[in-house]
2 protein chains.
Amino acid sequence: MTAKRPSLMVVGSVAYDDIRTAELSGERLLGGSASHFSFAAALAGAHPRVVAVVGEDFDRSDIELLAAIPADLGGLAIRPGKSFRWGGAYNEDFSERVTLFTELGVFEDFQPELPESFKNEGVIFLANIHPALQGRVLDAARSPRLVALDTMNLWIDLNRAELEAVLPRVDLFFVNEEEARMLSGETNLVLAGEKILEMGPRACCLKKGEHGVLLFVDGQILPLPGFPVRELVDPTGAGDCFAGGVMGCLAASGSLDAKGLREACLAGSVLGSMAVEGLGVTGLKGRSHEEFRDRLAAFKRLLGISG
Amino acid sequence: MTAKRPSLMVVGSVAYDDIRTAELSGERLLGGSASHFSFAAALAGAHPRVVAVVGEDFDRSDIELLAAIPADLGGLAIRPGKSFRWGGAYNEDFSERVTLFTELGVFEDFQPELPESFKNEGVIFLANIHPALQGRVLDAARSPRLVALDTMNLWIDLNRAELEAVLPRVDLFFVNEEEARMLSGETNLVLAGEKILEMGPRACCLKKGEHGVLLFVDGQILPLPGFPVRELVDPTGAGDCFAGGVMGCLAASGSLDAKGLREACLAGSVLGSMAVEGLGVTGLKGRSHEEFRDRLAAFKRLLGISG
């Protein structure tokens with residue numbers, strides 16, 4: 001099965017999260033953008049190749065868990081020191097999140113190194129890392145054909161020039177509402193997305209959390225709803241799972257036109273909804289491709305989308 | 001043409017609005033829920049019958065404007081006193097609105113009276129008025145077959161019992177996010193909508209402004225995106241125009257199942273988007289049914305919705 005899956009590469013974090021919600025809490029939960037992304041991309045039918053770094057404290061069982069996704073861990077470096085750890089607490093209705101601590105550990109000096117076999121990978125997701133590092137990954141890639149990029153408010157604030165340098169090299173830019181407004185200086189999201197496209201990415205996926213996305217692609221503005229979530233357990237990593245679903249689909253279809261991106265984003269929304277039904281990666285761990293496929297089909301049927 | 005249009009009745013306000021935005025302002029602009037609703041319902045192909053009250057100060061030219069929608073003004077009472085006036089100001093990005101003044105005038109003692117010819121109307125929209133009055137309209141209606149109702153935070157807060165008494169008589173309940181949370185005590189919108197259905201309405205349209213709607217119908221939860229608005233001029237009355245579009249469609253199709261409501265809400269979203277492109281009712285005034293139909297068709301094509 002693995003051999004037939006279309007591959008894609010993700011460059012990001014593999015981390016341990018401490019998470020507290022009103023109902024549940026957990027410590028040293030497997031997390032990080034590359035982990036969440038990989039679980040979702042695999043459920044969407046792709047084979048993720050992970051480029052990340054962990055410390056010597058990283059549990060063997062978690063390596064095995066990631067490998068069993070299945071993911072290619074050829075780019076997962078193990079360095080002397082501690083793994084990236086993050087702790088956060090949500091309020092009762094998940095409208096607010098407080099960061100309790102951030103210990104970057106070996107992630108602080110993360111220099112993504114692509115194994116030789118990864119350098120020919122054509123589908124690349126640059127998760128939220130320093131934009132200069134994102135650029136260096138693209139320098140090392142020999143034949144990128146579909147490059148997607150995520151970022152965060154920190155880089156927009158402190159490293160805007162580096163971010164603006166990498167955006168023209170990007171096919172699909174994932175950005176949330178707050179980041180889009182910050183980056184564009186526009187509060188209207190339609191104008192914000194249009195301004196962001198002028199910065200160079202071929203398409204933009206403006207994420208509005210539970211309210212879905214606004215896609216800017218092929219000169220069109222396409223709003224899509226989010227899959228309704230009845231039981232929100234833990235939203236950590238939802239954005240990375242969404243991106244994993246989108247990229248997993250695009251790796252298979254290869255078509256970044258409005259129709260292809262629409263289909264991919266519906267898949268991403270469905271995987272995001274499954275992800276938040278469990279703490280950490282447990283929302284997606286152990287779920288089957290068939291469960292994802294059935295939920296996506298039901299969602300499309302409900303929306304009246306046939307194609 | 002008018003004779004062939006399916007009719008529907010709206011009971012609400014006809015008023016004069018003073019509106020200020022960062023770019024524009026206007027005084028004594030024709031407004032009120034029944035006015036906005038009627039413009040949209042007519043563009044959707046229906047013939048609205050208006051039940052409302054104005055004062056002796058109401059301009060003849062505005063009566064003519066409403067009649068030319070075309071709307072049946074057989075239920076528009078003219079009473080001694082002043083017309084309902086409201087003034088509001090928006091901040092630059094429309095994220096906040098301040099009420100500058102409210103002068104209820106003759107609307108304070110509004111007792112909706114249905115002309116004999118209106119009593120047989122089957123499709124009824126009860127715009128945001130006191131829930132006891134909404135109930136009395138239903139008492140007077142001889143053969144309601146599709147009853148929709150709007151409300152506001154004030155009634156939820158002060159007249160909950162009367163609102164809860166009328167909800168079981170409603171086929172389609174329009175409610176916004178804030179009102180839904182207030183009425184249900186749930187912050188999660190899926191749970192809020194489900195709890196509201198338990199209060200009696202057959203279906204619920206939970207409105208999320210620019211983010212679209214969550215529909216609760218036929219045991220399903222159907223999220224729909226909002227039509228993206230590039231140039232927001234004046235959001236006053238957008239909710240009433242949305243409802244007018246929804247009800248105008250439903251009056252023609254008569255089917256309040258998931259598919260019928262989906263189609264109607266897409267139409268409502270398109271009319272809402274046209275409405276906010278102008279100050280007061282100018283967003284819809286003078287627009288053609290063809291323009292609405294073309295925008296709706298383009299929206300559905302973009303979303304991949306064929307049915």
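Just so it is clear, none of the values below were taken in a lab; they were calculated from the coordinates. Treat the numbers as computed from the prediction; the structure is a model and nothing was measured. When we count neighbours, we look across all protein chains shown, and the Cβ atoms used for this are built from the backbone with ideal geometry, even at glycine.
Spin-label pair A:Leu138-B:Ala68: with each label point 7 Å from Cα along the Cα-Cβ axis, the two points sit 5.5 nm from one another. For the protein assembly as shown, the fraction of C-alpha pairs farther apart than 30 angstrom is 55 percent. Building the convex hull from the alpha-carbon atoms of region B:32-71 and averaging its projection over directions returns 2.6 nm².
Of all DSSP-defined beta bridges confined to chain B, some 40% are antiparallel rather than parallel. Between region B:133-167 and region A:243-307, the alpha-carbon centres lie 40 Å apart. When chain A is turned onto chain B, its residue with the beta carbon nearest the axis, and that distance in whole angstrom, is A:His211, 2. For B:Val170, nonlocal amide neighbours, meaning residues 5 or more places apart or on other chains whose placed amide H falls under 5 Å from its own, are B:Arg202. Along region A:182-188 the Karplus relation, 6.51 cos²θ - 1.76 cosθ + 1.60 evaluated at θ = phi - 60°, assigns HN-Hα couplings of 5, 6, 9, x, 10, 8, 5 Hz to successive residues, with x for each Gly and Pro. Inter-chain Cβ neighbour count for B:185-195, averaged per residue, equals 3 (cutoff 10 Å, partner chain atoms only). Starting at the first residue of region A:66-74, write each ³J(HN,Hα) from the Karplus equation 6.51 cos²θ - 1.76 cosθ + 1.60 with θ = phi - 60°, in whole Hz, x for Gly and Pro. Here the 3J(HN,Hα) series is 5, 4, 7, 3, x, 10, 8, 9, x Hz. If you wrap the Cα atoms of region A:2-296 in a convex hull and average its projected area over all directions, you get 13.7 nm².
Please average, across the residues of B:212-224, the number of beta carbons from any other chain that are within 10 Å of each residue's own beta carbon, and give a whole number. Intermediate results must be reported in sequence, preceding the final value.
Details: counts 7, 1, 5, 2, 1, 0, 0, 0, 4, 5, 6, 12, 7.
Whole-number average of other-chain Cβ neighbours for B:212-224 is 4.
Take every pair of alpha-carbon atoms less than 8 Å apart whose residues are at least six positions apart; their mean separation over the length of region A:2-296 yields a relative contact order of 19 percent. Computing FRET efficiency as 1/(1 + (r/R0)^6) for B:Glu177 and A:Glu290, where r is the C-beta to C-beta distance and R0 is 30 Å, gives about 0.30.
Counting only other chains, and only Cβ atoms inside 10 Å, what mean value do you get across the residues of B:91-99?
The shielding value for this peptide is 1.
Farthest towards the positive end of the charge dipole of chain B, among the residues B:Gly212, B:Leu250, B:Phe94, is the Cα of B:Leu250, using unit charges on the Cβ of Lys, Arg, Asp and Glu.
Distances between copies at A:Asn120, taken between label points 7 Å from Cα along the C-beta direction, are 7.9 nm in increasing order. Each copy carries B:Ser143; placing its label point 7 Å along the C-beta direction from Cα gives inter-copy distances of 7.1 nm, listed from smallest up. Sorted fewest first by neighbouring Cβ atoms within 10 angstrom, A:Thr21, A:Thr151 come out as A:Thr21, A:Thr151.
Local charge sum around B:Ser269 (other residues, Cβ-Cβ under 12 Å, Lys/Arg +1, Asp/Glu -1)? Charge balance near B:Ser269 sits at +3.
Each other copy holds its own label point for B:Glu108; taking that point as 7 Å from Cα along Cα to Cβ, the gaps run 6.8 nm, nearest first.
Within the protein assembly as shown, antiparallel bridges make up roughly 40 percent of the DSSP beta bridges whose residues both belong there.
When Rg and Dmax are taken over the Cα atoms of region B:196-302, they come to 13.6, 41 Å.
Counted over all Cα-Cα pairs of region A:1-114, pairs farther apart than 19 Å make up 47 percent.
The antiparallel fraction among DSSP beta bridges confined to region B:1-150 stands at about 30%.
In order along region B:18-27, the Karplus-derived 3J(HN,Hα) couplings, from 6.51 cos²θ - 1.76 cosθ + 1.60 at θ = phi - 60°, round to 9, 10, 10, 10, 4, 9, 9, 8, x, 10 Hz, and Gly and Pro are given as x.
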